[in-house]
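To start, the structure itself, in structure tokens.
All of the numbers you see were taken from the coordinates with simple rules; none came from a lab. Just so it is clear, the model here is predicted, and its values are computed rather than measured. Here the Cβ positions follow ideal geometry from the backbone for every residue, glycine too, while neighbour counts run over all protein chains shown.
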Amino acid sequence: MRAHRHLLWYQPRRLLQFSSAMILLLSMARPAASDDLAQAADPASLGFSAARLARIAPWYQARFDAFPPSDGLLPGAVVAIARDGKLAYLQAIGFQDRAKTVPMKTDSIFWIASMTKPVTSVAAMILVDDGKLDLDAPVAHYLPELENMQVATIDHDTGKPRLDPPKRPMTVRDLLRHTSGVIDPEMYFAYPERGLSDATAEFGIRLIHTLYGWKAVYRRDRTLADFVSSLAGLPLAHQPGEVHEYGWSVDVLGRVIEVASGQPLDQFMQSRIFAPLHMVDTGFYVPKDKLDRLVDSPMPERPPIWDVTTPPKLFAGGGGLVSTAPDYLRFSQMLLNDGELDGVRVLSARAVKQMTTPALSADVRIYGGEEVGGRAGASFGLGFGIRTNPVYSWIPGAPGSFSWAGFWGTYFWVDPAERLIGIQMVQATPGSKGRGAVMYAGINHLTYGALTIPERPSSAPPAPPPAASPEALADDVGTYDFGSSVSSRDRQGLADGKNGWLGIESFVAMEPEGLRINKPIPGAPATRAGVMAGDLVTQLDDTPLKGLTLTNVLARLRGPAGTTIRIRIVRDGQDNATDLSIVRAARRANAVQLQVRLEQGKLVAEAVGAWPILAFEKGKATPLVAASSSEFAVDDEDHTRIVFVRDAAGKVSGLILNPGPWEQTATMIAPEPK
């Protein structure tokens with residue numbers, strides 16, 4: 001999911017010494033029908049505002065204009081949204097080639113990279129349903145060549161490697177949830193999170209990844225069997241079951257599927273997934289008669305391993321598929337329908353439930369990336385990331401939503417609570433500004449922001465209230481923060497008054513003795529107070545952190561802006577702990593904000609954050625009509641009501657949009673000067 005092509009740096013002399021030593025040691029809704037997903041329905045019938053869905057294409061186009069192909073973003077996208085088993089939105093935007101001569105089509109073909117992993121995971125669970133695959137069986141039961149894999153351990157004192165026997169065999173379940181200990185050298189981006197602040201130990205872990213790069217045979221002209229055989233002489237990076245680290249586990253799973261089914265992976269997927277679901281443009285390469293629909297690489301040349309224009313020998317279950325938005329929508333709808341589509345059952349409902357239930361226990365350590373773990377508000381199931389904590393999640397969606405993304409920017413999510421599917425197909429260079437501009441936040445926020453408020457029972461209009469004085473209206477003037485939530489269906493972010501920010505929350509990892517700080521934000525309150533990368537926080541406000549979970553610790557870091565938190569840090573090379581007091585600052589870059597101001601003696605409201613909310617947009621002053629001394633109404637399709645909230649002292653402290661089951665709350669963060 002994350003960028004694969006991170007460069008490995010090393011010291012040549014130490015690399016040779018280390019590698020020599022290692023080589024020595026190694027001697028819910030009704031099933032959708034085809035027409036439902038092919039022809040867009042009336043958005044209003046599916047609970048969407050057509051006007052707010054219309055914000056999506058211009059949002060993408062603005063990014064294509066701002067980030068040309070030279071900045072790593074191909075100038076086109078396909079976006080698909082479905083709800084209640086029906087297509088709500090399908091739009092091709094921009095161009096499918098770098099030269100901007102071929103318009104994007106809704107059935108343009110994309111390399112979906114790691115969005116292959118959910119498909120491979122479904123293939124494995126089909127075999128579980130068939131009784132041919134046991135989730136808790138050792139992988140060596142199917143791949144005997146991996147039976148004697150040892151576990152690499154770095155001695156913290158000497159920095160030298162040693163090989164330990166596994167405490168238990170890695171299982172098929174471990175492959176599905178990335179707890180096998182099999183890693184990927186191209187995915188090496190997480191070493192600081194291991195808590196190995198000692199440079200020698202860090203260096204040793206880098207070299208384990210480098211050995212994988214040297215010895216693993218992962219090439220398009222070699223088979224999965226060749227790839228797995230090449231792993232047999234390598235160590236596992238972790239004890240099976242103890243660490244979630246994203247990598248080659250699902251590629252190994254692809255070979256398990258071949259052995260258990262007796263078919264090559266491509267044939268098994270075609271017969272059991274693609275054909276039953278009518279996924280007509282999905283496979284491990286693009287046939288010649290469809291090459292005119294293949295979207296360009298965002299780079300000047302497509303890397304040889306991902307040259308999808310010719311048939312491969314390697315059926316890469318971790319990243320080899322090409323597909324289209326309509327095809328992947330059908331795959332996603334099958335999952336939302338508990339394994340069935342068009343009356344054809346692909347997977348049992350029990351298997352779907354297993355796949356979409358968090359599978360990482362609290363004692364599993366998370367290495368790598370920003371998509372899984374307490375700080376991301378997400379866990380991992382058997383093939384998907386699963387949203388668990390809206391406060392810390394990067395993206396909107398109900399808890400229980402599951403998703404994944406691809407190396408070049410393809411992305412999908414399924415929200416069972418809202419019976420909603422969203423798919424983004426783009427191609428962007430990993431690590432580029434262009435990719436960062438289109439990943440995750442945009443399509444999620446715009447989709448949930450387009451959901452309308454269900455109709456409320458009508459009532460007789462109230463008598464006109466007495467006109468409020470300008471002085472009274474002035475109390476309501478200010479900027480109100482909704483955290484990151486654009487929708488009443490979501491509670492993302494910190495719209496609860498605890499909007500203080502330390503600047504250490506995003507890049508941290510729990511260790512047995514406390515919270516490891518990996519990358520404090522420059523200029524943030526914690527950095528100004530003296531916190532440094534590598535520091536270990538052992539206490540917060542005199543409470544020891546030993547034994548606490550990351551979620552619990554992150555909650556303790558939160559608090560209102562302007563309040564003080566005391567932290568105790570232990571730093572490498574120092575004998576004594578250091579106590580620091582840090583004042584929380586107001587959060588920067590709040591995503592969803594509404595500014596209320598007076599114009600000609602009347603209140604108006606305008607969205608001023610990163611995202612619009614309901615009918616409120618940037619640059620558009622929307623009049624608020626008084627319905628009472630504290631309640632105002634908006635003439636929009638949601639019949640929005642705004643109630644201003646006062647604290648115990650009678651001062652306006654926040655507001656509520658549409659009080660009741662669909663309400664959205666905001667905290668006043670910046671009263672305007674009177």
Calculate the dipole size of the stretch 524-674 relative to its Cα centre from +1 charges on Lys and Arg beta carbons and -1 charges on Asp and Glu beta carbons; express the result in debye to the nearest 20. 460
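Work out, step by step, the length gained on full extension between Asp221 and Asp575: first 0.36 nm times the residue separation, then minus their alpha carbon distance; give nm to one decimal.
Numbers: separation 354, 0.36 × 354 = 127.44 nm, distance 5.49 nm.
Full extension from Asp221 to Asp575 adds 122.0 nm.
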Sort 552-563, 255-266, 610-621 by packing, meaning the average of other beta carbons within 10 Å per residue, with the highest value first. 255-266, 610-621, 552-563
Using packing as a proxy for protection, rank 224-236, 109-121 so that the peptide with the highest average count of other Cβ atoms within 10 Å comes first. 109-121, 224-236
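Which order do the peptides 81-91, 122-132 come out in when sorted by mean C-beta neighbours inside 10 angstrom, highest first? Before the final figure, lay out the partial values.
On the way: 81-91: 22.3, 122-132: 19.1.
The packing order, highest mean first, is 81-91, 122-132.
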May I ask which of Lys132/Lys353; Lys353/Lys618; Lys100/Lys620; Lys86/Lys290 have a Cα-Cα span longer than 30 Å here? Lys353/Lys618; Lys100/Lys620
Where a Cα-Cα gap under 19 Å defines reach, which lysines qualify for Lys288, not counting those fewer than 8 residues away within the same chain? Lys105, Lys313
For Asp363 and Lys546, extending 7 Å from Cα along the Cα-Cβ vector and measuring point to point gives, in nm, a value of 1.8
Students often forget the sequence filter, so: which lysines lie under 26 Å Cα-Cα from Lys519 once same-chain residues fewer than 8 apart are removed? Lys433, Lys498, Lys546
Quick one: if you stick a label point 7 Å off each Cα along the C-beta vector at Asp307 and Asp475, how many nm between them? 7.3
